[in-house]
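Visitor: Mind looking over this structure? Questions follow.
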Amino acid sequence: FRTFHCLAVCQGLTAQSQLASATTVDEFRTAVRKACCSTGDNPSEDEPDLFLVISYSRQILQQTGIGHFSPVAAYDESSDAVLILDVARFKYGSYWV
């Protein structure tokens, strides 16, 4: 987790890390909406592009492997689900959780 954050910073990105154990579900939903639901029509230095990458257990999703990082691409408020773009596309496609 810390290594992933460090890699982002080393590439010149501004990164913010948040552990699930230190946040609420509502705070997570807010972060998802912020990253997925902005229009991006007027990018500025005050509001740079936001990306949300999650670290999760593949076992919970009945997948092989353990820990994994992937970006969240979309949020569907009616089903309260996020679209995860799996970076291991050779193994798993994108999926809603």
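The values are calculated or read from the model by the stated rules, or taken from the named source; none is laboratory data. Here the structure is a predicted model, which means the values were calculated and not measured. Glycine gets a Cβ as well: all are built from the backbone with ideal geometry, and neighbour counts include every protein chain shown. Keep in mind that these areas ignore ligands, DNA and RNA; they rest on the heavy atoms of the full protein, side chains included. Shrake-Rupley method; radii C 1.70, N 1.55, O 1.52, S 1.80 Å.
Visitor: Mind listing just one residue for me: the one in region 44-58 that is modelled with pLDDT of 75 or more and part of a loop (DSSP other than H, G, I, E, B) and, of those, nearest to the chain's Cα centre (by Cα)?
Guide: Phe51
Visitor: Among residues belonging to region 75-92 that are outside any strand (DSSP E or B), among the small types (Gly, Ala, Ser) and touching a strand residue (DSSP E or B) at 6+ places or on another chain (Cβ under 8 Å), point out the one that is modelled with the highest pLDDT.
Guide: The extreme case among them is Ser79.
Visitor: Restricting the search to region 70-97, which residues are more than 18 Å from Arg29 (Cα to Cα) and open to solvent by 60 Å² or more (accessible area, probe 1.4 Å)?
Guide: If the condition is that a residue be more than 18 Å from Arg29 (Cα to Cα) and open to solvent by 60 Å² or more (accessible area, probe 1.4 Å), then Val87, Arg89, Phe90, Lys91 are the ones that fit.
Visitor: Please count how many residues of region 59-74 are in contact with a strand residue (DSSP E or B) (Cβ under 7 Å, 6 or more places away or on another chain), aliphatic (A, V, I, L, M) and not in a loop (DSSP other than H, G, I, E, B).
Guide: The number of residues fulfilling the criteria is 3.
Visitor: Any residue that is over 21 Å from Val87 (Cα atoms), modelled with pLDDT of 90 or more and in a helix (DSSP H, G or I) - is there at least one of those in region 5-22?
Guide: Scanning region 5-22, I find at least one residue that is over 21 Å from Val87 (Cα atoms), modelled with pLDDT of 90 or more and in a helix (DSSP H, G or I), so the answer is yes.
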